[in-house]
Amino acid sequence: MLTVDGSRLEGGGGTVRMAVALSAISATPVRVTGIRQNRPNHGLAPQHIAAVMAVAGTCDAECTGLSPGSGEITFTPQRVRRTDLLIKTGTAGSIPLVIQAWLPAALICGGSIRVSGGTEVAWSPTIDYLDRVFAPVLRRAGVSLEVEVLERGYYPEGGGMARVRVDASHPRPIAIPEEESCGLVSCSVGLPSHVAERQAASARELLEAREGLSCTAEIDSRGRGASVGSSITVWKGAKGGIALGRRGLPAEEVGRAAACALMEECGRPGVVDAHLADQLLIYLACYGGEYTTHTLSMHAKTACWLLESFGYPVRCRENEVLELSA
């Protein structure tokens, strides 16, 4: 059984999620120790447990230590098989992060997952970023991947639900061409419809004025739901920017924040943003290919270390641009 020090480098929930994903696809039992040891709230949170259970569901894994606050787990996978899962975070835990943990193993035999929790929450990609920035890279490599937002959910109530379906896939190497397409999705729940519209308008105006970008806008303003909140995701090719609304923050400021995040990424070298560079590493290591970005984040450094530990090395060359390949 491979032992992974969960406190090393980034030392967060991402270490647990990637460790069990790699365990499932490589059929390597793993023990993760020191989970979130250096964080204010040590050990597993409900959303981390949900992610482990999602991966376990793809391979009938035997797990120990899956309780809130646990600092150590073991994960012993069986053979990956096609499954249709329902995973409940029980909180406003990030639905996209649960899906990202599940996906590498699910691609082997196909399957589907429905996850409840938060579709757009802090410290996580939004569900729209997953669908419009992350997923197109895999679709271009030959993956059949469908993302459906059933209900949107925001912190602290959650109450969101998303469904993802994939077919068994043998992806081609990861390759990301330069693209000029630009779009945005602006969303709200439990707020007047003009909130999402104002977010979109301010983002579009800033991107047009500063970058000459003409964005296609989609508005999703749902009247009532389990939670109240708003969000906006903007993208150009394989680079994205997101922003979440909060009480007292004008919708125009939310839209401009997302646009500024995208403009910052577009002003830096590489074909993918720094967050996407991290999220694609497991697919790069498994299927080969290459892409460039500007910064190797601590999340990415942690992912590279874990991939090496499981026998999936990634090459990293840093010149004027950061080149990642396998």
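Structure above, values below:
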{"read-out": "Of all residues making up the stretch 153-173, the number that are open to solvent by less than 10 Å² (accessible area, probe 1.4 Å) and assigned to a loop (DSSP other than H, G, I, E, B)", "value": "1"}
{"read-out": "Given (1) in contact (Cβ under 8 Å) with a residue 40 or more places away in the chain; (2) buried (at least 17 other Cβ atoms within 10 Å of the Cβ); (3) touching an Asp or Glu at 6+ places or on another chain (Cβ under 9 Å), index of the condition CYS215 fails", "value": "(1)"}
{"read-out": "Conditions (1) open to solvent by 30 Å² or more (accessible area, probe 1.4 Å); (2) assigned to a helix (DSSP H, G or I); number of the one not met by CYS63", "value": "(2)"}
{"read-out": "Failed condition for SER221, given (1) open to solvent by 30 Å² or more (accessible area, probe 1.4 Å); (2) in contact with a strand residue (DSSP E or B) (Cβ under 6 Å, 6 or more places away or on another chain); (3) of a type in the set (S, T, N, Q); (4) part of a loop (DSSP other than H, G, I, E, B)", "value": "(4)"}
{"read-out": "Total residues in the stretch 178-222, condition touching a Gly at 6+ places or on another chain (Cβ under 6 Å) and of a type in the set (Asp, Glu)", "value": "1"}
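Per-residue answers, yes or no, for (1) part of a loop (DSSP other than H, G, I, E, B); (2) in contact (Cβ under 8 Å) with a residue 60 or more places away in the chain; (3) touching a Phe, Trp or Tyr at 6+ places or on another chain (Cβ under 8 Å):
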residue	(1), (2), (3)
GLY43	yes, no, no
GLN47	no, yes, no
SER67	yes, no, no
GLN78	yes, no, no
ALA92	yes, yes, yes
GLY111	no, no, no
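The values are calculated or read from the model by the stated rules, or taken from the named source; none is laboratory data. Small disclaimer: the values here were computed from a predicted structure and weren't measured. Quick reminder, even Gly has a Cβ in these numbers, built from the backbone with ideal geometry, and neighbours come from all protein chains shown. In case anyone asks, the SASA skips ligands and DNA or RNA and just uses the protein heavy atoms, side chains included. Shrake-Rupley method; radii C 1.70, N 1.55, O 1.52, S 1.80 Å.
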